[in-house]
1. For a label point 7 angstrom out from the Cα of GLU74 toward its Cβ, which stretches of the range 95-136 have the backbone nitrogen within less than 16 Å?
2. Summing +1 for each Lys or Arg and -1 for each Asp or Glu, what net charge is found among the other residues whose Cβ lies under 12 Å from the Cβ of VAL115?
3. Quick one: which residues, 5+ away or cross-chain, put their amide H under 5 Å from the amide H of LEU112? H built at 1.01 Å from N.
4. Loop-only check: which GluC sites (Glu not before Pro) in the range 85-137 are DSSP coil with at most 15 other Cβ within 10 angstrom?
5. Taking θ as phi - 60°, what are the ³J(HN,Hα) couplings along the range 99-112 by the Karplus curve (6.51, -1.76, 1.60), each to the nearest whole Hz, with x for Gly and Pro?
6. Net charge near ALA39, counting Lys/Arg +1 and Asp/Glu -1 over other residues with Cβ under 13 Å of its Cβ?
7. Between LEU119, LEU73, LEU35, which gets the highest mean-square fluctuation from a Gaussian network model of the chain, Cα cutoff 10 Å?
8. Mind listing the phi-derived Karplus ³J(HN,Hα) values for the range 38-46, rounded to whole Hz, using 6.51, -1.76 and 1.60 with θ = phi - 60°, and x for any glycine or proline?
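What follows is calculated from the coordinates using simple rules that are stated; it is not laboratory data. All values derive from a computational prediction rather than experimental measurement. Every residue, glycine as well, gets a Cβ built from its backbone with ideal geometry; the counts of neighbours run over all protein chains shown.
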Amino acid sequence: MTTSEREVWFSDIPEQGFQLTYKADSNQISFLQILSSKASQNITYHCFNSLAYYSAKKDHHRKAVGLMSWNDLEIRHRGKFSYEVPVDECQHEKREWAHSIISMKDTKPTRLPIVDVALRDIGNDRQKFKIEIGPVCFS
């Protein structure tokens, strides 16, 4: 199961946001969740002068991306329900393109796929970003 390929630029996002859509309908996803014991999904945040997870300059995670799970659980950078960031090139707010990979691996398949992404470091004219929602792997 994969998502539709989509490139989104900040200036292209309507005020109410946009909908993440998957090629499988909710019944198919529910069936995959029931038959699986674990699930994983990656989100790649391409950044230009923008943070995804950690600010090396200010030594904090205040602008870390937030995620919303399939079952309406808020997933943050820390806490009981958290994600991992195996690659974080965006932490230096460079004026060149870089990327960070946000990885969700869960033993509760009902939490995936990710249905919403909350970005906290956008809005400046000098910032650009692109998000790639990866496929969900159920096993």
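1. Within reach of a label on GLU74, which here means backbone N under 16 Å from a point 7 Å along Cα→Cβ, the range 95-136 contributes 115-121.
2. Working: positive: ARG111; negative: ASP72, GLU74, ASP116.
Within the 12 Å Cβ shell, the charges total -2.
3. Correct list: TRP70.
4. Numbers: sites: GLU89, GLU93, GLU96, GLU132; in loops: GLU93, GLU96.
The qualifying sites are GLU96.
5. Karplus values, whole Hz, x for Gly and Pro: 8, 10, 10, 9, 10, 10, 10, 9, 8, 10, x, 5, 7, 10.
6. +3
7. LEU35
8. 7, 8, 8, 7, 10, 10, 9, 9, 8
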